[in-house]
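Step one of this worksheet: look at the structure below.
The values are calculated or read from the model by the stated rules, or taken from the named source; none is laboratory data. The structure displayed is predicted, hence computed values, not measured ones. Ideal geometry is used to build each Cβ from the backbone, glycine not excepted, and the neighbour counts take in all protein chains shown. Accessible surface is based on the protein model in full, side chains and every heavy atom, while ligands, DNA and RNA are left aside. Shrake-Rupley method; radii C 1.70, N 1.55, O 1.52, S 1.80 Å.
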Amino acid sequence: MCHVIVTCRSMLWTLLSIVVAFGELIAFMSTDWLVGFPRTPDAVFGPHGATAAGEAYRPTLGIYGRCIKLPHLQRGVLCGPYAVHFGEIASGFWQAASIFLAAGILLLCAVAFISVFTMCFQSIMKKSIFNVCGLLQAIAGLFLILGLMLYPAGWGSDKVQLYCGQDAAPYRSGLCTMGWAFYTAMGGTVLTFVCAVFSAQAEIATSSDKVQEEIEEGKSLICLL
């Protein structure tokens, strides 16, 4: 018989796991990892066909994408991938970083998906599903750390120097500043380990004596604070 067990700690762990997975995924896909120095397009078309200097803006560069403003665009910026193939990513360090980040995000998304079903299934192959998910989150956190450590090593590439100036070098961003995506990825990595630790609390909450008493009373829906 399937017992639906919902506790405050298990629901908090589930929600946090989903938020972390989506946060890391959005950060990885974003172009706002590096924010370049202010620049002005050479010229734009004025209202009467004349050309005029464009407004200053700051281009952004992601692991495989970028946002720039072209001279012929009157408004807005053009965002999209600069690397069509994996080999076109700015540097070997960024290629390695993207592999580790993608592996970590894949594990986090898998755990987020599984966590939704922990209300009905608390064990898998006689092992606590919370403990298994916590282990996967810890492994994902290690992958994310490796990816974030390798990422600044690629700042010396020609692509980064185009956005950040010639002073850009490994672990030195030159004229660039860090964008929200980088900080989101760092924050998500910290929360990943928080989730891994908190999974043990979720397991304790769903296997407590109160839950066992509710099961023995024949209840199929068990909600505990």
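Computed quantities for the displayed model
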quantity: Residue-normalised accessible area of region 87-164, expressed per residue, 1.4 Å probe, Å²; calculated: 47
quantity: Net charge over other residues, Cβ less than 9 angstrom from the Cβ of R39 (K, R count +1; D, E count -1); calculated: +2
quantity: Region 78-154 - percent of accessible surface contributed by carbon and sulfur, probe 1.4 Å; calculated: 81
quantity: Length released on extending from Y183 to I204, taking residue separation times 0.36 nm less the Cα-Cα span; calculated: 4.3 nm
quantity: Descending semi-axes in Å of region 115-184, equivalent ellipsoid built from Cα gyration tensor; calculated: 41, 12, 7
